[in-house]
Amino acid sequence: MRVTVWTTANCVQCMQTKKQFDKYGIRYDEMALEQHPEKLDEFKAQGLMSAPIVEADTRIWSGFRLDKIQSLRNKLFGENK
């Protein structure tokens, strides 16, 4: 599964999301929203208004969402990790 974390500079929620991914061993690509204004417009059109924006196959969410991160971990590694 490919996981992309779209971030902005000095974003506390972005740092927390990446920290949790690292803690759980979830591999991800980090992309800077400032460098991709077309994606920023696309995300805004979908109602995703806060960073980070996480894309994982058919899942997408914005902001720091521990519940979503844990759900993704369970999908990748099973309930016991």
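A few notes on this one:
- Note on region 1-17: residues that are open to solvent by less than 30 Å² (accessible area, probe 1.4 Å) and in a loop (DSSP other than H, G, I, E, B) amount to 1.
- Residues that are in contact (Cβ under 8 Å) with a residue 12 or more places away in the chain and open to solvent by 60 Å² or more (accessible area, probe 1.4 Å), drawn from region 18-27: 27
- In region 29-81, residue most open to solvent (accessible area, probe 1.4 Å) [restricted to those that are assigned to a helix (DSSP H, G or I) and among the polar types (S, T, N, Q)]: 35
The values are calculated or read from the model by the stated rules, or taken from the named source; none is laboratory data. As the structure is a prediction and not an experimental result, all values here were calculated from the model. As a convention, Cβ positions derive from the backbone with ideal geometry for all residues, glycine included, and neighbour counts pool all protein chains shown. Remember, those area values only see protein heavy atoms, side chains included, never the ligands or the DNA or RNA. Shrake-Rupley method; radii C 1.70, N 1.55, O 1.52, S 1.80 Å.
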